[in-house]
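Note sheet for the following structure.
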Amino acid sequence: ADVAHGGQIFSANCAACHMGGGNVVNAERTLKADALASYLANYDAGHEAAIAYQVTNGKNAMPAFGGKLSDGDIADVAAYVEDMAAKGWA
Ligand code: HEM
């Protein structure tokens with residue numbers, strides 16, 4: 001996956017709600033590593049796959065991107081989120 005391209009996808013599609021790895025809609029549900037581990041289904045089984053699943057399908061107030069972004073773009077943005085979470089979004 002292309003992390004740099006994922007960063008562009010993130011800025012265009014995710015940052016409105018998840019600026020800096022936060023969450024303006026539901027403040028607990030950030031994109032920080034501890035929140036991913038706590039709230040994201042099947043995160044232990046594969047970090048990027050779990051992120052990609054939620055992006056594709058949405059959850060509650062988060063919209064689904066499966067009809068909007070290609071599978072490749074979703075894989076790239078998942079790799080970006082995982083990379084940033086590992087760095088603490090610093
Ligand atoms: C949760 C990624 C776009 C609102 C999450 C989570 C991930 C994620 C990985 C799980 C984290 C957690 O629950 O702590 C993304 C990506 C996006 C995107 C990569 C762009 C492709 C958006 C947008 C919104 C949004 C545009 C607002 C309109 C939310 C909300 C949750 C959430 C409300 C919590 C869902 C719940 O469990 O109830 N997001 N997101 N997200 N996101 Fe997004």
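The values are calculated or read from the model by the stated rules, or taken from the named source; none is laboratory data. Treat the numbers as computed from the prediction; the structure is a model and nothing was measured. A quick note on method: Cβ atoms are made from the backbone with ideal geometry, for glycine too, and the neighbour counts reach across all protein chains shown. Just the protein is used for accessible areas: all its heavy atoms, side chains included, with ligands, DNA and RNA removed. Shrake-Rupley method; radii C 1.70, N 1.55, O 1.52, S 1.80 Å.
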Handout entry: Residue ID - surrounded by the most Cβ atoms within 10 Å (Cβ to Cβ), chosen from residues in the stretch 30-49 that are closer than 20 Å to GLN8 by Cα and near the ligand (Cβ under 9 Å from one of its atoms)
Key = LEU31
Completion exercise
Picking from VAL25, VAL55, the residue that is aliphatic (A, V, I, L, M) and surrounded by fewer than 13 Cβ atoms within 10 Å (Cβ to Cβ) would be VAL25
Exercise for the section: Please work out which residue is farthest from the chain's Cα centre (by Cα), limiting yourself to the stretch 29-87 and to residues that are of a type in the set (Phe, Trp, Tyr) and not in a loop (DSSP other than H, G, I, E, B). Expected result: TYR39
Completion exercise
A careful count of residues in the stretch 58-72 that are open to solvent by less than 40 Å² (accessible area, probe 1.4 Å), touching a helix residue (DSSP H, G or I) at 6+ places or on another chain (Cβ under 6 Å) and either more than 8 Å from the ligand (Cβ to nearest atom) or over 17 Å from ASP2 (Cβ atoms) (or both) gives 1
Completion exercise
Of the residues in the stretch 4-16 that are of a type outside the set (Ser, Thr, Tyr) and surrounded by fewer than 16 Cβ atoms within 10 Å (Cβ to Cβ), the one that is farthest from ALA64 (Cα to Cα) is ALA4
Practice task
Check ALA90 against each of (1) open to solvent by 80 Å² or more (accessible area, probe 1.4 Å); (2) touching a residue at least 12 places away in the same chain (Cβ under 8 Å); (3) closer than 20 Å to GLY22 by Cβ and name the one condition it does not meet.
Solution key: (2)
